[in-house]
1. Taking GluC sites (Glu not before Pro) as candidate sites, keep only those in a DSSP loop with at most 13 other Cβ atoms within 10 Å, then name the longest stretch of the chain containing none of them.
2. Stretch ARG257-ARG57 to full length: gain in nm at 0.36 nm per residue minus the Cα-Cα span?
3. Determine the share of the stretch 14-256's accessible area contributed by carbon and sulfur atoms, expressed in whole percent, with a 1.4 angstrom probe.
4. Counting other C-beta atoms within 10 Å, and keeping those with at most 10, which DSSP coil trypsin sites (Lys or Arg not before Pro) do you find in the stretch 98-171?
5. Label-point separation (nm) for ASP170 and GLU226, each offset 7 Å from Cα along Cα-to-Cβ?
6. Estimate the FRET efficiency between GLU245 and ALA204 by the formula 1/(1 + (r/R0)^6), using the beta-carbon distance for r and 41 Å for R0, to the nearest 0.05.
7. Here is the link list: LYS120/LYS231; LYS120/LYS179; LYS51/LYS179; LYS120/LYS143; LYS51/LYS77. Which ones come out longer than 29 Å on Cα distance?
8. Taking Rg and Dmax of the Cα atoms in Å as the quantity of interest, determine which of [x] 19.5, 64; [y] 22.2, 95; [z] 17.4, 50 was computed from the displayed structure.
Amino acid sequence: MTFTLHTPPPDPAPEDYPLFRGQTALMAAALRLVSRDGYRYHHVQTAPEEKVLSALRTLHEKHHVLISPRARALRRKAGIPTAQVLLGPLPPGPQGGRWPFVLLSDRPLRGEHMEDVRRKPLLWPAYREGEWRPTYRLGLDEKGDWTWYLTEDFHRELLEKALALAHAGDWPGLIGHLKALGGLPMFRGVWQQVRDIFRRVKGAWGDRHLRSPEGQWKTPPWRRAEDSLPKTPLSPIGMRLYREEPPRTLGEWLAIRP
């Protein structure tokens, strides 16, 4: 009788980690993992660019975060703790800087400060005012479904700026601000918050602000910004998540850094 020995495939290298297309793609991936796959425990942090490879390698050695989907499914079937790491969008600027990532798991991990998203929302950062700042919150909506929202502080900041521009009659500034809101990741929670900002701003204008210096507006100036908003919220189902052009992996990205 002849026995064939199968050599297990080598562990994936951190250099082969596939990069997300951007902020929206990463948030869609996190939303899927939490809502569909039960990865309810999370820990968000940042790593300096020069240490991101070693950070991924350490997490893989401790929690097997880089294994294949098949190997991950086998671990879950066997009742073994399963974790994944999602590396954030490319650090802005020529000097790179810190790289955000979130560690997600289906149960608390030994040696990690993991939070249950049902008790403490997952806060994800965006690069604002020269640093990574908490900007998005993953939570349940009124129907009990998971979605992304703007954090309370950021939502209030955007609303207050819009109202100030409206009361001042600064139409170019207001339209630019409202159009910029259309570039946010329009998951259901964010989409509802942005539409609420538009509603509040239009209510604050009043008849006086709806008149142009030459008379009545033929088309209200806010219409240009409102028409650019998506009519329905963004769905993570079927969204393309990973980059299809170089740099496609973390190793490719690091190789082209100056």
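The values are calculated or read from the model by the stated rules, or taken from the named source; none is laboratory data. These numbers were taken from a predicted model, which means no experiment stands behind them. All Cβ positions, glycine included, derive from the backbone under ideal geometry; neighbour counts span all protein chains shown. Surface accessibility is based on the protein's heavy atoms, side chains included, excluding ligands, DNA and RNA. Shrake-Rupley method; radii C 1.70, N 1.55, O 1.52, S 1.80 Å.
1. Numbers: sites that count: GLU129, GLU142, GLU214, GLU244.
It runs 1-128.
2. Additional length available on full extension: 70.0 nm.
3. Details: 6530 of 12730 Å².
Of the solvent-accessible surface of the stretch 14-256, carbon and sulfur hold 51 percent.
4. Counting only loop positions with at most 10 other Cβ atoms within 10 Å, the trypsin sites (Lys or Arg not before Pro) in the stretch 98-171 are ARG110, ARG119, LYS143.
5. In this crude label model, ASP170 to GLU226 measures out at 2.2 nm.
6. Calculated transfer efficiency: 0.40.
7. Numbers: LYS120/LYS231 31 Å; LYS120/LYS179 31 Å; LYS51/LYS179 37 Å; LYS120/LYS143 19 Å; LYS51/LYS77 33 Å.
Among LYS120/LYS231; LYS120/LYS179; LYS51/LYS179; LYS120/LYS143; LYS51/LYS77, the Cα-Cα distance tops 29 Å for LYS120/LYS231; LYS120/LYS179; LYS51/LYS179; LYS51/LYS77.
8. Step by step, Rg and Dmax of the Cα atoms in Å for this structure corresponds to label [y].
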